[in-house]
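No lab work stands behind these numbers, since they all come straight from the coordinates. This structure is a prediction, so every number in the text was calculated from the model and none was measured. So basically every Cβ, Gly included, is an ideal-geometry build from the backbone, and we count neighbours across all protein chains shown.
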Ligand code: RP5
């Protein structure tokens, strides 16, 4: 249902970050995700229930289906226009895993499966989602379409594309009309990882444990740079 048609109580205006959901110890269960083939996507099941899972096109290992929850909430909705985006978008999921944040990853297209996308967004809101990350390539409308249907922060990740090297994806994602913002990341893996880091920073505002994790992450990163040595000349 489009957000302008929702009665106010159905939107998530008053939802706050669930401290308990992100402050707990990360477990293997906490970061499991679903990746569902857009092409083989069945009609979405009832809210809260997982749709049937099919094999992604990409050859790399994909997290086991289901159970992408901590304390009953799925905090981050990761969506991509095609399973072919997973190779890049798995960086978002990986970063969620690193911070112990629950997520659900889906392949749903703004163009090829708009009804399923809309239903998923609504379902995610009901399940306590706090932010969406959307990655798509080419005429990349996905992040904008997600942002148009929710008031939750929605971050865009432009996918590299075959002929225009992701410039098309970047412009399509970032050039949003006034009123529906899509904070847009860099093209590719760095953008995918940074999208999650942006969500982490947002959630950390109300979650001291997550804030500490983010500070530790930055410190570790700085230390790595400090210790880095350039190779000697031969
Ligand atoms: C976009 O078209 C997807 O996000 C993907 O980046 C691109 C190509 O999709 P496939 O043809 O590989 O499914 O919608």
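Measuring from label point to label point, each 7 Å out along Cα→Cβ, what is the residue 225 to residue 111 span in nm?
Modelled inter-label distance: 3.8 nm.
Take each of the peptides 173-184, 87-98, average the number of other beta-carbon atoms within 10 Å over its residues, and list them starting from the highest. Mind dumping the intermediate values first?
On the way: 173-184: 15.2, 87-98: 23.0.
Listed from highest to lowest mean packing, they are 87-98, 173-184.
Using 0.36 nm per residue of separation minus the Cα-Cα distance, give me the extension gain between residue 151 and residue 171 in nm, one decimal.
Stretched fully, the residue 151-residue 171 segment lengthens by 5.0 nm.
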